[in-house]
Each structure stands twice: as structure tokens, then as C-alpha cells.
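Okay, structure first, notes after.
Coordinate-derived values only; no laboratory data. Keep in mind that this is a model prediction, so the values were computed, not measured. No Cβ is skipped: glycine too gets one built from the backbone with ideal geometry, and neighbour counts run over all protein chains shown.
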Amino acid sequence: MSSSRPRLFPLVVGALALLALGFGLWWWFEGRHWQSTDNAYVEADIAVISAKVTGYVAAVDVDDNVAVKAGQPLVHIVDTDYRAALARAEAEVERQGRERGAASARVVAQADAIDQAEASLRAAEAQAARIRADARRAEDLLKQGFTTRATVDLRRAEVIAAEAQVAERRAAVAAAAASRQAASGSAGGVGAAQKAAVAAAEAARLDLENTVIRAPVDGVVGNRSVRAGQFARQGQQLMVVVPVAQAYLVANFKETQIRGMAPGMPVEIHLDAYPDTPLSGRIDSFSPASGSRFSVIPPENATGNFTRIVQRVPVKIRVDRPLPEGVGLVPGISAKVSVDLRRRPGA
């Protein structure tokens with residue numbers, strides 16, 4: 001018994017040495033090129049479905065955990081009030097349209113009035129010119145003794161009357177121009193009112209359309225809290241749609257591990273839910289800051305009790321499709337991610 005122990009010890013030491021040598025060779029040729037983390041989770045850009053308008057829920061078209069397509073109706077809100085509001089808005093648009101037509105007609109009428117006043121002014125000016133010429137001839141004849149003073153005085157009175165008529169016609173032209181300007185201003189105001197009415201009608205139409213809440217993306221309904229007959233408030237969360245087909249991974253690597261990583265680099269993925277079914281993917285992008293910087297209360301290192309902690313950098317990973325049969329990416333489940341730094345992007 002005692003003689004076997006000296007023979008066993010060298011064998012144990014030799015075996016340990018071989019194991020250490022094998023591990024060292026594996027680490028040198030393979031292990032040191034890999035970076036892995038089990039701090040990885042499936043994520044998805046979950047769409048929160050909320051009401052854009054207030055009202056009582058008329059019907060809910062979907063149930064929990066059902067697949068929906070983008071544009072598919074999810075919830076109907078009672079639309080009676082919104083249909084009435086749209087009808088009033090469209091009636092106001094029509095009324096403003098008639099007002100604008102009448103205002104445009106007034107502008108055209110005032111333009112015609114200006115033309116008529118200017119024509120009357122030109123006629124009055126021509127008449128005044130003729131009367132002034134007659135008055136000058138009468139004065140010349142009076143000097144020659146071929147007419148009487150009464151005739152000259154009559155001609156001078158006619159000149160004064162003609163000039164007064166010219167002044168009156170000029171005032172009529174100015175008044176017509178002012179009326180046209182006022183009509184143009186009124187037409188502009190009516191035009192602005194019509195645009196406001198059109199905008200109000202468009203808003204009412206959008207409100208009516210928003211009484212039907214539709215799925216923004218393809219996905220699966222979850223966290224449904226809305227029920228028929230419930231009063232939905234604007235912005236209130238009613239359910240979520242999870243785009244499981246576009247789910248991805250977020251792996252939180254240590255800051256000492258990301259050196260050598262690059263977008264497009266292949267990744268090996270093992271989901272905890274499917275440990276025997278490895279997946280493949282590629283690095284999509286890197287977070288612009290460590291995870292701690294995005295926390296509710298970021299750490300403040302400029303303090304007296306500073307403790308150095310290795311930070312984690314979130315790395316977004318796109319999973320290659322199609323997935324193996326029976327495998328589903330459920331947001332929130334854990335995974336282990338490994339990256340071979342020797343495999344370049346696109347390999």
C-alpha cells in the first residue's frame with residue numbers, strides 16, 4: 001500500500017501537467033480570441049398602443065397574445081360626436097367658400113366701378129376743357145365788341161361748374177379705389193377664414209379616423225387592458241404590440257471585452273430557453289454610453305468614496321433569420337453570446 005503511493009503521485013502530477021498544458025494551448029490558439037457574456041437578453045421595439053382621442057370604447061377587435069398585421073383595427077371608439085363635428089366643419093367650409101365667392105364678386109364689381117368712375121372723370125375733364133375754350137373765345141369776342149358781358153359771365157360760370165364736376169368725378173374715382181381696397185381686404189380675410197375652416201375640417205376628419213385604433217406594426221398583442229364600454233382618455237395605454245419577428249439581442253459586454261469588436265462581426269447565441277439550439281447573428285451597433293450612464297441616477301465618480309467598477313457596454317445584435325423550427329424570440333429571455341474576434345465583419 002505504501003509502495004503504491006510514490007508511484008501514484010507522479011501519475012497525478014503528470015496528468016495535471018498535461019491538463020494545464022492542454023488548457024494553455026487551447027487558450028493560446030482558441031480561447032483568447034473569444035469574448036462572451038451571459039448578461040444578454042432578447043429585446044424588441046415594443047409599440048405602446050394608446051388612444052389619440054377620448055371617448056367610450058365601442059369594441060375591441062383583438063384578444064391577448066394574438067398576431068396582428070400593420071393597419072389591422074384593434075379598438076373602436078364611439079364616433080358619433082366626431083362624425084357630427086366633421087359635418088359641422090364641412091358645412092363651415094362650404095359657407096366660407098360662398099363668402100369668398102361673394103367677396104371676389106365684390107372685388108370685381110369695385111374694379112368695374114373704378115373703370116366707370118375713371119371714364120366719367122375723363123368725360124368731365126373733356127367737357128371742362130371745351131367749356132374753358134368757349135369762355136376764352138367769348139372774352140376775345142367781347143374785346144372785339146361782337147358779344148355781350150352777360151355772355152362772358154355765363155361762360156365763366158359754366159367753367160366753374162365744369163371744374164366742380166371734374167373734382168366730383170375725381171372724388172368718385174378715389175372713393176371707388178378705396179372701396180376696392182376694402183373689398184380686397186375683406187376677400188383676404190374671408191380667404192384666411194376659409195383656410196382655417198379647411199384646416200378645422202381636416203382636423204375633424206383625422207379625429208374621426210383616430211376613433212379606429214390600428215396596429216402600427218406586425219406583431220403580437222400583449223398587456224391588453226382595454227375593454228368594451230371603458231372610457232378611453234387621450235394618451236392612455238390600452239395594449240402593446242410586440243414585433244417578435246424583429247426581435248434582437250442586447251448583450252452587455254464588459255468595457256475590457258469590446259476591443260476588436262466591430263459592426264457586422266458574426267456572433268454565436270445560446271438562449272437559456274433553448275440551450276440545445278444554437279443561433280447565429282451579427283453585431284449591429286454599440287451603445288453610445290455605458291449602461292450605467294442611462295440609469296435613472298447615473299453614478300457620480302467625483303466623490304471621496306470612489307470605487308472602480310468595470311462598466312458594461314450594451315451591444316445590439318441582430319439574429320439571423322429564419323430561426324430554427326420551434327425556436328421563438330420572446331423579449332426578456334436570457335441568452336449567452338460569444339464573439340470570435342478573428343472572424344471579420346461579413347465573414
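For the chain, the longest principal axis of the Cα atoms and the long axis of helix 80-144 meet at an angle of about 30 degrees.
For the pair D284 and A171, label points projected 7 Å from Cα toward Cβ lie 8.1 nm apart.
Computed per residue of the chain from DSSP H runs no shorter than four, each worth -39500 (n - 2.57), the mean residue ellipticity at 222 nm is -16500 deg cm²/dmol. The calculated P(r) of the chain, using every Cα pair and 10 Å bins from 0, goes 5, 12, 12, 12, 11, 9, 8, 7, 6, 5, 5, 4, 2, 1, 1, 0, 0, 0 in percent. About its Cα centre, the chain has a charge dipole of approximately 980 debye under the convention of +1 per Lys or Arg Cβ and -1 per Asp or Glu Cβ, with nothing else charged. Distant-in-sequence amide contacts of Q311, defined by a placed amide H-H separation under 5 Å and a gap of 5 or more residues or a different chain, comprise E255.
A simple rule links phi to the HN-Hα coupling: the Karplus curve 6.51 cos²θ - 1.76 cosθ + 1.60 with θ = phi - 60°, which for region 60-75 gives 10, 8, 10, 10, 5, 6, 9, 7, 10, 9, 4, x, 6, x, 10, 9 Hz, with x for Gly and Pro. Scalar couplings 3J(HN,Hα) for region 315-324, obtained by applying the Karplus form with A = 6.51, B = -1.76, C = 1.60 to θ = phi - 60°, are 10, 7, 10, 8, 8, 5, 10, x, 7, x Hz; x denotes Gly and Pro.
Under 14 Å Cα-Cα from K52, which aspartates and glutamates qualify once same-chain neighbours fewer than 8 residues away are excluded? Within reach: D79, D207, E209. Straight-distance candidates among the lysines for linking to K336, with alpha-carbon spacing under 23 Å and chain neighbours fewer than 8 residues away dropped: K254, K316. Taking amide H as placed 1.01 Å from N in the peptide plane, S50 has its amide H under 5 Å from the amide H of L238, each at least 5 places away in sequence or on another chain.
Hey, what angle do you get for helix 4-29 against the long axis of the chain, alpha-carbon based, 0 to 90 degrees rounded to 10? Between helix and principal axis, roughly 20 degrees. Each residue of region 47-53 was assigned a 3J(HN,Hα) from its phi angle through the Karplus expression (A = 6.51, B = -1.76, C = 1.60, θ = phi - 60°), giving 8, 7, 8, 9, 7, 8, 10 Hz with x at Gly and Pro.
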